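Okay, structure first, notes after.
Every number here is computed from the coordinates shown, using simple stated rules; none is lab data. These numbers were taken from a predicted model, which means no experiment stands behind them. In this analysis, Cβ positions are derived from the backbone assuming ideal geometry, glycine residues included, and neighbour counts consider all displayed protein chains.
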Amino acid sequence: MLAIWVVVGIVEPPYLLPGPVDVAKQFFVFVIDPHMWVHVGASLLHVVGAVLGSILIGGGLALAAHYLPVLRLAVHGRISPFLNSFSGTGWVLLAVLWFGLGDFTVMFALAMVLIPFAIINVRQGLESIDPEIVEMARSFGRSGFNRFRLIFLPALTPFLFSTLRICFGVAWKALLTAELFGGDAGFGRLFNLARQNYDTPLVVMIIVLIIAAVYATDRYLFEPTQARLSAHYEPV
């Protein structure tokens, strides 16, 4: 693929597809420019805020539906399917109308895309808990808080981390669109400025950087951590 990229970069004009050497040069320019790190920090803030918010909201809805059966149809039969089917771009446009341009707009749009993943994962974790263990804890006089702390929380830990891993990857996929329309800083904003200026090396560099960063984080941080969590909390 790298060889093909080199050949195509030689054949095609630089404004259509720059070669890997030009992209590498742009990367070093990016690293030493302090203004570029403002966009890096903004994108990280958007992703982290959206992921944490979606886990809290989605996990809270799944727990509410589990403990209050009257809410199960509303959460799993209405809210989750609606959020799962509505376009991420639609959430961005609505957020711009409601909140204007800014960090909250981007995080809101991303969180609305991620919440269904949290609801589904936490629901699967709750359904995997053996009801006989819960009934045994209740018969031994464990309070509701202690049952949640000693049974539910350890059982949910691998599912919560799996939710974190999934949402992290999906958030970066939707980030450029959210920042392109609703953000005033971040990779999406930088991507739009580079597109307007026909700075194709910067455009390609942003794409490569996001792919490399997300892959490295998932492969070398999330994957081994999830394997250890699954082994530690695996039911016996």
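There is at least one residue in the range 38-47 that is touching a Lys or Arg at 6+ places or on another chain (Cβ under 7 Å), assigned to a helix (DSSP H, G or I) and touching a residue at least 40 places away in the same chain (Cβ under 8 Å).
Within the range 96-178, which helices (runs of 4 or more DSSP H) (wholly inside it) include 3 or more residues that are touching a Leu at 6+ places or on another chain (Cβ under 9 Å), of a type in the set (Gly, Ala, Ser) and in contact (Cβ under 8 Å) with a residue 24 or more places away in the chain? If you could, list the steps in order and put the result at the bottom.
Numbers: elements: 103-127, 131-139, 144-147.
It comes to 103-127.
Table: residues versus (1) closer than 30 Å to VAL106 by Cβ; (2) free of Cβ contacts under 8 Å to residues at least 12 places away in the same chain; (3) in contact with a Ser or Thr (Cβ under 7 Å, 6 or more places away or on another chain).
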{"position": "ALA3", "(1), (2), (3)": "no, yes, no"}
{"position": "VAL11", "(1), (2), (3)": "no, yes, no"}
{"position": "VAL23", "(1), (2), (3)": "yes, no, no"}
{"position": "PHE30", "(1), (2), (3)": "yes, no, no"}
{"position": "PRO34", "(1), (2), (3)": "yes, yes, no"}
{"position": "GLY49", "(1), (2), (3)": "yes, no, no"}
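Of all residues in the range 74-91, those being among the hydrophobic types (A, V, I, L, M, F, W, C) and exposed (fewer than 14 other Cβ atoms within 10 Å of the Cβ) number 1.
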